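The values are calculated or read from the model by the stated rules, or taken from the named source; none is laboratory data. Not measured: the values here are computed from a predicted model. For neighbour counting, all protein chains shown are included, and Cβ atoms are generated from backbone atoms with ideal geometry for every residue, glycine included. When the accessible area is computed, the model is the full protein with side chains, heavy atoms only, and any ligands, DNA or RNA have been set aside. Shrake-Rupley method; radii C 1.70, N 1.55, O 1.52, S 1.80 Å.
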Amino acid sequence: MTSFDKNNFQKETMTGQGMTIRFRAYRNLCYVAAPADEKYQTMNIYVPEAYYHGQAVGMYTAASAPVFMPNTVGGYMPGLPEEPGVNRHTNKLNAVFEALARGYVVAAPGARGRGLTDGKGSYTGNAPACIVDLKAAVRYLRHISEDLPGDMEKIITNGTSAGGALSALMGATGNSADYEPYLKALGAADERDDIFAASCYCPITNLDHADMAYEWMYHNQHDFHRMIFQMTDEGPERRAYDGMMTEEQIEDSREVRKLFPGYLNGLELKGGDGRRLSLDENGDGSFKEYVKSFVTASARKAAENGEDLTGEEYSWISWKEGVPCDIDFDRYTAYAGRMKAALAFDSMEMNTPENELFGNEKIQYRHFSEYSAMKDVRENTLAESLIIKMMNPMNYIDNEKARTAQFWRIRHGAVDRDTSLAVPVILAAKLREQGCDVDFALPWGYGHAGDYDLEELFLWVDRICG
Ligand code: DHB
């Protein structure tokens, strides 16, 4: 663990898009005493320079500044600490730059992920490494808080996709004893790891129920369409990868789809009006209407903002007095299109990012859902139930032994097909039911992406911190 020296910093100035930020950078801080991976178990901390001169930035001071904690995990692979700069997806200033400009302290941790090895043939980044690392980083922040501006009771995590799932786990699982043995083994600081708020873009979460949720939604589509990255002589290239599901995959789709109503009904969720959210055995019912209502709301907002939704491609939208009032769910899912063949997450081919996430030291890929493990004729292919539990925020939201964050912002693009819409809808509903303040929406026109609305994200942060 790096012993924090507040005088050991780089003073930096950065200009972008007409804006200049001045900050102190503390880089490569190892946040555990017994690191398993010195490259990824490190954090960079950036602090607005003004706080060392008794000045305020916007609505904050050195004592009140929120601590913004973005992770860079994608695909459940390892992620390095983020730097201020330009977001290569949006071509705009990135979240670290924008957060510093607004007076937040930024704590940017790295985290281990699937695929890492120790050089001796053992895998070191499988579950729960990524979430344990982020918790250790929060504990380190509290450990050094005397020497650091920022309010450690205002830690706000942010991430996209697998990183969004980790942000949700950070929000849900504060101080849970389940993670303690792993934190102890790494020599994490003896501090709390609960956080104030979680910002989650398209969280690829609830993995042990993601296949049934996906087939509930996409069972009518047997053709799949995705982009894959391939290395060519000219560098990485995006290429369309389309195909038809095999008979066996269609059979798996049919079988896991049947499991979803039982899971959903067992959650005993309620919608905004207090009505039970349920599904019949065909997958129809109030939960489906509830999911549809978020797509309809997204279309309504887009129409209000002047988007032309009258084209034939949007004929799945119903209108009333010039306002979108409903959608045809099956035609909407056909419009969005299936991205992944069944089983989308816990594949029988055992080759998804999630199968690798649930591997162990010696076995690279394992199952994490009952259906796939039962069907697989090989032995010892299922991950331990405690590890599966520890990777799903749903297990901690109503768990009295975990401190769940009060504030949540969840975004999932209205045409993001990486996971079922049911996944973020269930997460948001469960949080609301437990009294959390949840800002949830499906932004129109967005697929699988994050950090595309930083202005709104930081208005939300200012609102919850104000
Ligand atoms: C990510 C995307 C996926 O489709 C998935 O299954 C897991 C992770 C990602 O972009 O992080």
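Ratio of Rg to Rh for the chain: 0.96 [Cα atoms; Kirkwood radius as inverse mean 1/r over pairs]. The figure for Leu80 is an accessible area of roughly 80 square angstrom, using a 1.4 Å probe on the protein chains alone.
Rolling a 1.4 Å sphere over the protein heavy atoms, what is the accessible area per residue of the range 210-345, to the nearest Å²?
Accessible surface, normalised per residue, equals 54 Å².
Here the range 120-270 has 49 percent of its accessible surface on carbon and sulfur atoms, given a 1.4 Å probe and all protein chains in place. Full extension of the segment from Ser3 to Met227, taken as 0.36 nm per residue of separation minus the current Cα-Cα distance, would add 76.2 nm. Computed from point charges on the beta carbon alone (+1 for Lys and Arg, -1 for Asp and Glu), the dipole magnitude for the range 210-345 about its Cα centre is near 500 Debye. Dimensions of the range 210-345 along the principal axes, based on C-alpha atoms and rounded to the nearest Å, stand at 55, 40, 22, largest first. Within the range 277-372, the trypsin sites (Lys or Arg not before Pro) that combine a DSSP coil assignment with at most 15 other C-beta atoms in a 10 angstrom radius are Lys362. Farthest towards the positive end of the charge dipole of the range 210-345, among the residues Leu343, Ser318, Thr232, is the Cα of Ser318, using unit charges on the Cβ of Lys, Arg, Asp and Glu.
Gain on full extension, evaluated as 0.36 nm per residue between Asp147 and Ser122 minus their Cα-Cα distance, stands at 5.2 nm.
To the nearest 0.05, what FRET efficiency results for Asp326 and Lys401 with a Förster distance of 56 Å applied to their C-beta separation? It would help to have the intermediate numbers written out before the result.
Details: r = 42 Å, r/R0 = 0.74.
About 0.85, to the nearest 0.05.
Computed about its Cα centre, the charge dipole of the range 267-324 is approximately 300 debye, with only Lys, Arg, Asp and Glu carrying charge at their Cβ. Potential lengthening of the chain between Gln10 and Glu38 amounts to 8.0 nm, from the contour at 0.36 nm per residue minus the alpha-carbon distance. A simple charge model with +1 on the Cβ of Lys and Arg, -1 on the Cβ of Asp and Glu and nothing else charged puts the dipole of the chain at about 1020 debye relative to its Cα centre.
Taking the charge dipole of the chain about its Cα centre, with +1 at Lys and Arg Cβ atoms and -1 at Asp and Glu Cβ atoms, the residue from Tyr371, Gly79, His219 reaching farthest to the positive side is Gly79. Atom-type composition of the exposed protein surface of the range 324-466 places 47 percent of the accessible area on carbon and sulfur (1.4 angstrom probe).
Ordering Thr13, Thr296 by how much accessible area each has at a 1.4 Å probe, largest first, what is the list?
Ranked list, largest accessible area first: Thr13, Thr296.
When the chain is described by a simple charge dipole with +1 on each Lys and Arg Cβ and -1 on each Asp and Glu Cβ, the residue from Ala168, Val291, Thr157 located farthest towards its positive end is Thr157.
In order along the range 406-422, phi translates into HN-Hα couplings of 6, 10, 9, 10, 10, 10, 9, x, 5, 10, 8, 10, 5, 9, 5, 4, 4 Hz, rounded to whole numbers, per the Karplus curve 6.51 cos²θ - 1.76 cosθ + 1.60 with θ = phi - 60° and x for Gly and Pro. Annotation for the range 108-154 versus the range 330-375: alpha-carbon center distance of 26 Å. Within 10 Å of each candidate Cβ there may be at most 14 other Cβ atoms; applying that plus a DSSP loop requirement, which GluC sites (Glu not before Pro) in the range 351-381 survive? Listed in order of number, the matching sites are Glu361, Glu379.
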